[in-house]
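Heads up, the thing below is written out as structure tokens.
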Amino acid sequence: MNFLEARISQDGIVKEGNVLKVDSFLNHQIDISLVREMAYEWQKRFNGKKITKVLTIEASGIGLAAIVASIYNVPLLFAKKSKTLNLDGDLYQASVESFTHKTTSNIVVSKKFLNEDDYVLIIDDFLANGCALQGLISLCDQAKAHVQGIGIAIEKGFQDGGKIIRDLGYQLESLAIIDSMDAKTGTIKFRN
């Protein structure tokens, strides 16, 4: 069992509907030491890859991605889930369905912050069906930016997202892959 799997086993809470709560250490309150260890692990796994930008989606991926960006000493860019008044100019846009929130968002990034000179590491907290990642990849494709890899904290291996992204040919590095969860017993089984 790796360090993240151990923490999930200790503090994660399985809810009905294949929902895993890790809000005490990852996506509401953030354990900075744990996330820093995760960032260094991704740096090892993507060793030798040119990274000029880290990309994530708001909101819960931002804290995680910020620490990764600081390890690489590159900017962090996050896709916004709605166009705001202070977001002006030309935008790249993609439609994304959220597994957790059961909503569809039109994510956007400014064209001035993503272009063909960028070598992007995508970071996010969860991977379920792969919709958020496909949206982020679409933004990179529109910008002609180069996706160098994708780092995921927790992948729900019993859902199709990981297979979809890997079948597209991307290097996907999930630090914990869950094969099954049982809300009644609180049991979590990790992939070996």
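Give the range 131-148 a look and list any residue that's at pLDDT below 95 and surrounded by fewer than 22 Cβ atoms within 10 Å (Cβ to Cβ), or say none.
Answer for the range 131-148, where residues must be at pLDDT below 95 and surrounded by fewer than 22 Cβ atoms within 10 Å (Cβ to Cβ): just 131.
Take residue 98 and decide whether it is in contact (Cβ under 8 Å) with a residue 12 or more places away in the chain, under 26 Å from residue 28 (Cα atoms) and loosely packed, with under 14 Cβ neighbours inside 10 Å.
It is false that residue 98 is in contact (Cβ under 8 Å) with a residue 12 or more places away in the chain, under 26 Å from residue 28 (Cα atoms) and loosely packed, with under 14 Cβ neighbours inside 10 Å.
Here are some residues: 13, 107, 8, 32. Which one is closer than 22 Å to residue 172 by Cα and at pLDDT 95 or above?
8
In the range 36-59, which residues are surrounded by 20 or more Cβ atoms within 10 Å (Cβ to Cβ) and under 13 Å from the mean Cα position of the chain (by Cα)?
Within the range 36-59, 38, 39, 42, 54, 55, 56, 57 qualify.
Out of the strands (runs of 3 or more DSSP E) lying entirely within the range 139-192, which hold 3 or more residues that are closer than 30 Å to residue 91 by Cα and under 18 Å from the mean Cα position of the chain (by Cα)?
Once the strands (runs of 3 or more DSSP E) in the range 139-192 are filtered for at least 3 residues that are closer than 30 Å to residue 91 by Cα and under 18 Å from the mean Cα position of the chain (by Cα), what remains is 146-156, 172-182.
May I ask you to verify whether residue 118 is surrounded by 14 or more Cβ atoms within 10 Å (Cβ to Cβ), among the acidic types (Asp, Glu), over 17 Å from the mean Cα position of the chain (by Cα) and farther than 30 Å from residue 183 by Cα?
yes
Tally up the residues in the range 38-73 that are free of Cβ contacts under 8 Å to residues at least 24 places away in the same chain and more than 21 Å from residue 28 (Cβ to Cβ), please.
Total meeting the criteria: 4.
Going residue by residue through the range 111-121, is there one that turns out to be among the basic types (Lys, Arg), more than 13 Å from residue 57 (Cβ to Cβ), assigned to a strand (DSSP E or B) and touching a residue at least 24 places away in the same chain (Cβ under 8 Å)?
Scanning the range 111-121, I find no residue that is among the basic types (Lys, Arg), more than 13 Å from residue 57 (Cβ to Cβ), assigned to a strand (DSSP E or B) and touching a residue at least 24 places away in the same chain (Cβ under 8 Å), so the answer is no.
The values are calculated or read from the model by the stated rules, or taken from the named source; none is laboratory data. Quantities reported herein were computed from a predicted structural model and do not represent experimental measurements. A quick note on method: Cβ atoms are made from the backbone with ideal geometry, for glycine too, and the neighbour counts reach across all protein chains shown.
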